[in-house]
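What follows is calculated from the coordinates using simple rules that are stated; it is not laboratory data. If you're wondering where the values come from, they're calculated on a predicted model, not measured in any experiment. Cβ coordinates were reconstructed from backbone atoms using ideal geometry, including for glycine residues, and neighbour counts include every protein chain displayed.
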Amino acid sequence: MDHVEQSVAKFLENLAARTPTPGGGSASALGGAVGAALGSMAAAFTSGERFKAVESHVARISNELAALRQRFVELAQKDVDAYSRYTEARALPKNNTAEKQARRAAVEAAREAATAVPEQTVAAAMAGLGLIEELCAIANPRLASDVASAAYFLEAAARGAGIQVLANCPEDDTKETSVRRRAAVTEQIAACEAARERIHATVTKRL
């Protein structure tokens, strides 16, 4: 089932249900899409003679935010699909050595996908915050609060997706890959928080 093509009400109903998907990863990606959409709205209202000097700059930001919004929507569905594959892999039989080996390989592959997708969501949120930071100083001041809200959603998307990465890379797993991934996503979330704080400071001065 393509969850992200449903109505908002239906998606929220499915999110609230006692089912494994959609969950935190896909919800975080859709939060990122909301943030990108808010940024696009602010860009759309930064037009006309008054904003002629920044017209080309805003147009470029607007185009990139539109592409990013679609990217988040795709990631929301990819997160659902990845976790569904993980659930299916966990349900594989393990009655003999061959089955156990096949199940272990399927679970590892599915876990990798379930980790890679939220990593991509965090990266998309970072990119979105970069665009919003560009926009916040030049956007129509009447839309300043919407620009700030966009940043809040994008930071939340990064945090929500980031915790999924940490969950899939347990701290007691000393494999180099897990350690590196945990460190990378922690650093990215800190960068998102710093960007959101700068955007918040810029916006409040314009209110």
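Go ahead and run the numbers for FRET between LYS205 and GLU108, Cβ-Cβ distance against an R0 of 30 Å, rounding to 0.05. Show your work: numbers first, answer last.
Values: r = 50 Å, r/R0 = 1.66.
Efficiency, from the Cβ-Cβ distance: 0.05.
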task: Can you figure out the FRET efficiency of SER145 with ARG90, using R₀ = 35 Å and their beta-carbon distance, to the nearest 0.05?
output: 0.20
statement: Given [x] 1.17; [y] 2.10; [z] 1.05 as possible values of Cα Rg over 2.2 N^0.38 Å, the one from the coordinates is [x]
query: Going by alpha carbons, how many degrees (0 to 90, nearest 10) lie between the helix axis of 176-206 and the longest principal axis of the chain?
result: 20
field: Alpha-carbon spread of the range 69-135, three principal axes, descending order, Å
entry: 59, 15, 9
query: Karplus couplings for the range 152-163 from phi (6.51 cos²θ - 1.76 cosθ + 1.60, θ = phi - 60°), rounded to Hz, Gly and Pro as x?
result: 5, 5, 5, 5, 4, 4, 5, 5, x, 6, x, 5
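222 nm [θ] for the chain, helices only, -39500 (n - 2.57) per DSSP H run of 4+, per residue, to 500? Please report the intermediate quantities before stating the final value.
Values: 6 runs with 162 residues, N = 207.
Result for the chain, helices only: -28000 deg cm²/dmol.
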Helix 24-44 vs. the chain, principal-axis angle (Cα, 0 to 90°, nearest 10): 20
- line: Taking the alpha-carbon centre of each part, the distance from the range 25-86 to the range 117-131 in Å is 11
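What size of dipole, in debye to the nearest 20, comes out for the range 20-206 about its Cα centre when the only charges are +1 on Lys and Arg C-beta atoms and -1 on Asp and Glu C-beta atoms?
Values: 23 positive and 22 negative charges, 27 e Å.
Rounded to the nearest 20 debye, it is 120 debye.
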